[in-house]
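Note sheet for the following structure.
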Amino acid sequence: MKKILVTGSLGYLGSVMTAYLQQHGHECIGYDTGFFKDCLFYESATTNTVPRDARDIEAKDLKGIDAVVHLAGISNDPFGNLDAAKVYDPTRHYAKRIAEMCKAAGVKFIFASSCSIYGIGGADLVDETSPTLPQTPYSLNKLQVEQDLQSLADKNFSPIALRFATAFGLSPRIRFDLVTNMLAGMAFTTGKIVLNSDGTPWRPNVHVLDICKSVKYAIDSNHNDGTLLVLNVGDECNNLQVIDIARKIQARIKGCELKYLKDNPELDKEGLVRDRKVKQGVDTRTYRVAFAKIKKVFPGFQCDWPMDKGVDDLVSKFESLPLTEALFKNKNFYRLQKIESLYQGQYLSPDLRWLKQAA
Ligand SMILES: NC(=O)c1ccc[n+]([C@@H]2O[C@H](COP(=O)([O-])OP(=O)(O)OC[C@H]3O[C@@H](n4cnc5c(N)ncnc54)[C@H](O)[C@@H]3O)[C@@H](O)[C@H]2O)c1
């Protein structure tokens, strides 16, 4: 058994990960500032989480810890009058600071990076050696943190960056701003799937539980060669065009219609489907990812969740709740809308520190 500190433990991934790691024999403690602490989609076992901003982690917090899994971060676009640097620079600084403390204390550091740093890939599969072309401040931030980790790596420190594909699947703190979850929720509650692009962009996808599995393998791995180990996390069977995801959902939710936002702007009154990076139905972010390296480096690792299985699991949960349109559109399940509302309500400062606790 190892003792693991998970930052961002009350997020979409963290809410599943801490329980997963505990079930797999590790002791877990979580730190989270709590932007989404009250955003439960369904009840689940409580996580052993300390309300704590990642900026305030100190060396003494790492005493007795074997590995830090660093999930804390901001995954949405900047909003209001905040520019990207204001939102992302602090996340880069605290990732580096925590990594430095891990290095000094001999603690393993596992970073939640993203396949989105490939940006525009074309027809060929991109692998860990391919050029990166981040298309958003979010993706650029992930790349910069990887570069910081690379510069920290030496004979005493061998961090791991896991480049997760786009996540899908159930979590007690579900996100409906992720493509598969959004399209499935929309189809279930409205009988329609509204695509914000023409559906042709390629995206790699990975189930939440396969992400947890990759983290477990990273914790157990003996990577120790003084370099940053970079691994794509996912499976080639889940490299899909957005239209393919929609069709898989249509196969599970019979009779739901497919619509394009460009032709039907009235179908997105709440602005939940719109994406500022998609112009006139064209989304330039398209890439297909190779996942051979993770299987080689982590012998025995494989993903257990093809898209159809994950969609079936999601929709079964929607049926049992049941998921209503009002619940699907609740801002608690959309990162940008939730954090923006905390900011507009003056619960958060411009640097996303709490000014007062939300009621
Ligand atoms: N979900 C995906 O598709 C995906 C894909 C690739 C990478 N990732 C990365 O994995 C990580 C987790 O993703 P997620 O989907 O669970 O995100 P999330 O936004 O749901 O959760 C992030 C958590 O971090 C916390 N947090 C933010 N700033 C903090 C701070 N300063 N101190 C302490 N806690 C803080 C938030 O309260 C939240 O609970 C993120 O770094 C994300 O970029 C996610």
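Can you say whether Val69 is within 11 Å of the ligand (Cβ to nearest atom) and under 20 Å from Ser158 (Cβ atoms), as far as the supplied structure shows? Yes; evaluated as a whole, the condition is true for this residue. For the range 39-66, filtered to residues that are among the β-branched types (Val, Ile, Thr) and in a loop (DSSP other than H, G, I, E, B), the residue that is farthest from the ligand (Cβ to nearest atom) is Ile65. For Gly25, the conditions (1) outside any helix (DSSP H, G or I); (2) more than 9 Å from the ligand (Cβ to nearest atom); (3) touching a residue at least 60 places away in the same chain (Cβ under 8 Å); (4) among the small types (Gly, Ala, Ser) all hold with the exception of (3).
Taking the stated definitions as given, is Lys293 among the charged types (D, E, K, R), assigned to a helix (DSSP H, G or I) and touching a strand residue (DSSP E or B) at 6+ places or on another chain (Cβ under 9 Å)? So Lys293 passes the test.
If the condition is being closer than 22 Å to Leu152 by Cα and either among the aliphatic types (A, V, I, L, M) or in contact with a helix residue (DSSP H, G or I) (Cβ under 8 Å, 6 or more places away or on another chain) (or both), then the range 81-92 contributes Tyr88, Pro90, Thr91, Arg92.
In this entry, Ile117 passes the filter for residues that are within 11 Å of the ligand (Cβ to nearest atom) and in contact with a Pro (Cβ under 6 Å, 6 or more places away or on another chain).
Scanning the range 309-320 for residues that are within 19 Å of Glu43 (Cα to Cα) and out of contact with any Phe, Trp or Tyr (no Cβ under 7 Å at 6 or more places or on another chain) returns Asp313, Leu314, Ser316, Lys317, Glu319, Ser320. The residues of the range 137-164 that are more than 11 Å from the ligand (Cβ to nearest atom) and either among the hydrophobic types (A, V, I, L, M, F, W, C) or within 15 Å of Ala85 (Cβ to Cβ) (or both), listed by number, are Pro137, Leu140, Leu143, Gln144, Leu149, Leu152, Ala153, Phe157, Ile160. Taken over the range 329-346, the criterion of being surrounded by 18 or more Cβ atoms within 10 Å (Cβ to Cβ) and either hydroxyl-bearing (Ser, Thr, Tyr) or part of a loop (DSSP other than H, G, I, E, B) (or both) is satisfied by Lys329, Tyr334, Tyr343. Answer yes if at least one residue in the range 91-109 is touching a residue at least 60 places away in the same chain (Cβ under 8 Å) and assigned to a helix (DSSP H, G or I), and no otherwise. For the range 91-109, residues touching a residue at least 60 places away in the same chain (Cβ under 8 Å) and assigned to a helix (DSSP H, G or I): present.
Being more than 30 Å from Lys37 (Cβ to Cβ), of a type outside the set (Val, Ile, Thr), in contact with a Pro (Cβ under 7 Å, 6 or more places away or on another chain) and buried (at least 20 other Cβ atoms within 10 Å of the Cβ) holds for only one residue in Leu195, Leu149, Leu228, and it is Leu228. Exactly one residue out of Ser171, Ser214, Ser130 is within 13 Å of the ligand (Cβ to nearest atom), out of contact with any Lys or Arg (no Cβ under 9 Å at 6 or more places or on another chain), modelled with pLDDT of 95 or more and not in a helix (DSSP H, G or I): that is Ser171.
The values are calculated or read from the model by the stated rules, or taken from the named source; none is laboratory data. Everything numeric in this text was worked out from a predicted model, so none of it was measured. Cβ coordinates were reconstructed from backbone atoms using ideal geometry, including for glycine residues, and neighbour counts include every protein chain displayed.
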